[in-house]
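J.: Just dropping this structure here.
Just so it is clear, none of the values below were taken in a lab; they were calculated from the coordinates. Just so it is clear, the model here is predicted, and its values are computed rather than measured. We place every Cβ from the backbone using ideal geometry, glycine too, and count neighbours over all the protein chains shown.
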């Protein structure tokens, strides 16, 4: 077939189902996908605000905004009839996700420092 342009190979890091789906899109839809992906990158690079992570949580001891995430040191209630509550302090990495804030436990403050 003369004159037919071959499509570029996707990077190996892109799952095949995504590459296949992109190949089926019109150019205008690909432009929208690019804009959306850029917005996602920008949103993920922003760290949650102090107000976001402290909302309704009285056991937070320290909040430190970093590049792309917020580090939170807090104590945690275990939910049992415990005379030692709250426990900790524990360190968390907090990021924005499509479902709200995502809290990743990093460990005890004493183990990390």
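J.: Given only helices, namely DSSP H runs of n ≥ 4 each adding -39500 (n - 2.57), what is the per-residue ellipticity at 222 nm of the chain, to the nearest 500 deg cm²/dmol?
T.: Computed ellipticity for the chain at 222 nm equals -9000 deg cm²/dmol.
J.: When the gyration tensor of the chain is built from Cα positions, what are the square roots of 5 times its three eigenvalues, in whole Å, from largest to smallest?
T.: 45, 15, 12
J.: Treating the angle as unsigned and between 0 and 90°, give the value, to the nearest 10°, between the Cα long axis of helix 27-45 and the longest Cα principal axis of the chain.
T.: Relative to the chain, helix 27-45 is tipped by roughly 20 degrees.
J.: Next question, about the same structure. Would you mind telling me which residue in 47, 19, 37 has the biggest mean-square fluctuation in a Gaussian network model of the chain, where springs connect alpha carbons within a distance under 10 angstrom?
T.: Per the Cα network of the chain with a 10 Å cutoff, 19 tops the list.
J.: In a Gaussian network model over the chain where Cα atoms closer than 10 Å are linked, find which of 34, 18, 60 has the largest mean-square fluctuation.
T.: Of 34, 18, 60, the most mobile in the Gaussian network model is 18.
J.: Expressed as a rounded percentage, what relative contact order does the chain have, with Cα pairs under 8 Å and six or more residues apart?
T.: Relative contact order comes out at 17 percent.
J.: Multiplying the sequence separation of residue 6 and residue 65 by 0.36 nm and subtracting their Cα-Cα distance, what value in nm do you get?
T.: Between residue 6 and residue 65, full extension yields 16.6 nm more.
J.: How high is the FRET efficiency from residue 26 to residue 101, r the C-beta distance, R0 25 Å, rounded to 0.05?
T.: It comes out at approximately 0.10.
J.: Can I ask one more? Once fully extended, how much extra length lies between residue 83 and residue 55, figured as 0.36 nm per residue of separation less the alpha-carbon to alpha-carbon distance?
T.: 7.5 nm
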